[in-house]
Amino acid sequence: MSVNSFGHLFRVTTWGESHGPALGATVDGCPPNVPVDAEMLQVWLDKRRPGQNKNTTQRNEPDAVKILSGVFDGKSTGTPIQLMIENTDQRSRDYGEISQTFRPGHADITYHQKYGNRDYRGGGRSSARETAARVAAGGVAREAIKALVPGLEIKGYMTRMGDVEIDRDAFDWDAIEQNDFWIPNGADKAQEWEDYLQALRKAHDSVGAEIEVVARGVPAGIGAPIYGKLDTDLAAAMMSINAVKGVEIGEGMAAARLKGTENADEIYMGENGPEYSSNHAGGILGGISTGQDVVVRFAVKPTSSILTPRQSIRIDGSPIEVVTKGRHDPCVGIRAVPVAEAMMACVILDHLLLHRGQVGENQGKIG
């Protein structure tokens, strides 16, 4: 079995490879009469699109999305929405030398061990190019969320890239989309990040990153205990993104260093309902949203495609020194930000629909 779908009521299936003719997503379960058109989806795809600046891969894809079904007169019909993005700037010749070689850090070897057949051109199905389809699906999810919970906002940003990190004391939401790195700091900090990354690129190296994504305005009560937890699905969604090696909710791993008196978010009654002294829980308790910001953080590994020689083996088991040619992101975390936002949107919408189907309005009133 090859699992290419995620979600419960709002279900997304992605298809296609990095160097195939096209890739895309089938979105099933979108409520009817949600405004959807290619132009509004393109806004989100343009955030992820490669080749926009010198800090990302120079593969120049327009990532123009086409809607093939499920939309009529600019609104969803309630039937499956088929989204397609054509590949136009493949350079498959860059990968001819590795057809019989396993690149260190890539899924080449595991795909071969599982399937006995792999598309070596750009990584095939394991390529980060697959995430364009997720971003298109996330655009549909955002529009549906807007109809169900006006004011709910999802925003992602980088918090660390190798040895450099953001200044949380100077956090500026408005700065996030004003720089190439999606960091919530000013131009001076962005320049520091660029200088650091360009030095690594010149050294034929790459670097990992940490991304945080926040959903503000999520109503209390979505999610479910044990196997239907909101944080379970969020963790799975983020972990499914290419190159992700660790996921945290709220305080995450740092909670292991805290005492109970420090970690538990104290509760007070405010004018509009419960309020909390802090948000170590990341907006989720027992798998159910508290009404606070939902905060997810994840780490991506350094891009494995580098020009520095690395030791590996061929399919016949013989040793070989590998230099990975082609056009690659020196830090894949940069373009992971819009992907994280899309996955958050898909999961949040899925749980809003699940909650509406089982409960309707929140049952437990306070105050």
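Each row is one residue, and each column tells you yes or no for (1) aliphatic (A, V, I, L, M); (2) modelled with pLDDT under 85; (3) on the phi < 0 side of the Ramachandran plot.
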residue	(1), (2), (3)
V12	yes, no, yes
H19	no, yes, yes
L23	yes, no, yes
V27	yes, no, yes
C30	no, no, yes
N33	no, no, no
R49	no, yes, yes
P62	no, yes, yes
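Of all residues in the stretch 355-367, those that are open to solvent by less than 60 Å² (accessible area, probe 1.4 Å) and either more than 30 Å from V27 (Cβ to Cβ) or modelled with pLDDT of 95 or more (or both) total 1. At least 3 residues being more than 24 Å from G139 (Cα to Cα) and either open to solvent by 10 Å² or more (accessible area, probe 1.4 Å) or polar (S, T, N, Q) (or both) is the threshold, and among the strands (runs of 3 or more DSSP E) wholly inside the stretch 266-347 those reaching it are 267-270, 273-276, 310-313, 319-322. All conditions in (1) in contact (Cβ under 8 Å) with a residue 12 or more places away in the chain; (2) surrounded by fewer than 18 Cβ atoms within 10 Å (Cβ to Cβ); (3) farther than 29 Å from M84 by Cβ hold for Q191, with the sole exception of (1).
Only one entry in R160, R201 is at pLDDT below 95 and over 30 Å from G273 (Cβ atoms), namely R201.
Assessment of the stretch 244-257 against the conditions (over 30 Å from G7 (Cα atoms) and crowded, with 16+ Cβ neighbours inside 10 Å) yields no matching residue. Quick check on the stretch 115-132. Is at least one of its residues more than 16 Å from R335 (Cβ to Cβ), modelled with pLDDT of 90 or more and either among the polar types (S, T, N, Q) or open to solvent by less than 30 Å² (accessible area, probe 1.4 Å) (or both)? Scanning the stretch 115-132 turns up no residue that is more than 16 Å from R335 (Cβ to Cβ), modelled with pLDDT of 90 or more and either among the polar types (S, T, N, Q) or open to solvent by less than 30 Å² (accessible area, probe 1.4 Å) (or both). Within the stretch 202-215, the set of residues being over 20 Å from N242 (Cα atoms) and surrounded by 18 or more Cβ atoms within 10 Å (Cβ to Cβ) comprises A215 only. Contact map, the stretch 15-28: residues that are among the hydroxyl-bearing types (S, T, Y) paired with residues that are assigned to a strand (DSSP E or B) and at pLDDT 95 or above, Cβ distance under 6 Å, separation 6+ or inter-chain. Pairs shown: T26/T13; T26/Q82. For the structure I just gave you, tell me whether S304 is polar (S, T, N, Q) and touching a Phe, Trp or Tyr at 6+ places or on another chain (Cβ under 6 Å). No; evaluated as a whole, the condition is false for this residue.
Of all residue pairs spaced 6 or more apart or on separate chains, those with beta-carbon atoms under 9 Å, a first member in the stretch 151-180 that is closer than 18 Å to D293 by Cβ and a second member that is among the polar types (S, T, N, Q) and assigned to a strand (DSSP E or B) are I166/T159; R168/T159. When restricted to residues that are within 19 Å of K47 (Cα to Cα), touching a Gly at 6+ places or on another chain (Cβ under 8 Å) and open to solvent by 20 Å² or more (accessible area, probe 1.4 Å), the stretch 143-171 contains 1. What tally of residues in the stretch 222-243 results from selecting those that are buried (at least 18 other Cβ atoms within 10 Å of the Cβ) and over 30 Å from P104 (Cβ atoms)? Final tally of qualifying residues: 8.
The values are calculated or read from the model by the stated rules, or taken from the named source; none is laboratory data. Everything numeric in this text was worked out from a predicted model, so none of it was measured. With ideal geometry, Cβ positions are generated from the backbone for all residues, glycine too; neighbour counts draw on all protein chains shown. These accessible areas exclude ligands, DNA and RNA; they are computed on the full protein's heavy atoms, side chains included. Shrake-Rupley method; radii C 1.70, N 1.55, O 1.52, S 1.80 Å.
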